[in-house]
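A short write-up of the structure that comes next.
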Amino acid sequence: MHLQPYAFHRDWLNFVALDHLPALCAAVGTGPAITTLDKPLWWPREEPGRVLVLQATPDARHCLFIDRASGFWAVPVLSLRGLDLLDLVSARLRLSTTKAAWRLAKICKLRSPMP
């Protein structure tokens, strides 16, 4: 089987995935959304904005915070964080970055990679 020489561009895929957060959260097995908040003081990004707060897993007592503008995410209790939603899929589903990109594209219903 011959692999195509295309790959998903990380920033573009993250931008598209931000529009599909409910499907993404269901696919990676997070718990329900709790609320949205202004960015907490410990948040590493300085630009103002809001974060989505979810249960990290359906039965967890700790929360997953996702930046609605950049896709940066963090689980402060477990000291986990990532730069974008691709890191979240990779960490939660234990996939390589390449496989996580293809899985994220499938979640977002993308048919082919951006050349």
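The values are calculated or read from the model by the stated rules, or taken from the named source; none is laboratory data. All values derive from a computational prediction rather than experimental measurement. Virtual Cβ from ideal backbone geometry, glycine too; neighbours counted across all protein chains shown. Ligands, DNA and RNA are excluded from the accessible area calculation, which covers all protein heavy atoms including side chains. Shrake-Rupley method; radii C 1.70, N 1.55, O 1.52, S 1.80 Å.
Computing mean projected area of the Cα convex hull in nm² for the structure here picks out one of [x] 7.2; [y] 7.7; [z] 12.4, namely [y].
Just the protein heavy atoms count here, and of the accessible area of the chain at 1.4 Å, carbon and sulfur take up 57 percent. With each label modelled as a point 7 angstrom along the Cα→C-beta vector, the K109-L93 pair spans 1.7 nm.
Rounded to the nearest 10 degrees, what's the angle between the helix 97-107 long axis and the longest principal axis of the chain, both from Cα atoms, 0 to 90? Taking Cα atoms only, the helix is inclined about 80 degrees.
For K109, the aspartates and glutamates whose Cα falls under 13 Å of its own Cα, not counting residues fewer than eight places away in the same chain, are D19. Peptides 41-50, 28-37 ranked from most to least packed by the mean count of surrounding Cβ atoms within 10 Å: 28-37, 41-50. Considering only alpha-carbon pairs that sit under 8 angstrom and 6 or more positions apart, the relative contact order computed for region 58-106 is 21 percent.
Between L78 and T35, the modelled labels are 2.3 nm apart [label points 7 Å from Cα along Cα→Cβ].
Based on C-alpha pairs under 8 angstrom that are at least 6 apart in sequence, the chain has a relative contact order of 28 percent.
With each run of n ≥ 4 DSSP H residues scored as -39500 (n - 2.57), what mean residue ellipticity at 222 nm is computed for the chain after dividing by its residue count and rounding to the nearest 500 deg cm²/dmol? Present the calculation step by step, with values, prior to reporting the outcome.
Values: 4 runs with 36 residues, N = 115.
Theoretical 222 nm ellipticity from helices: -9000 deg cm²/dmol.
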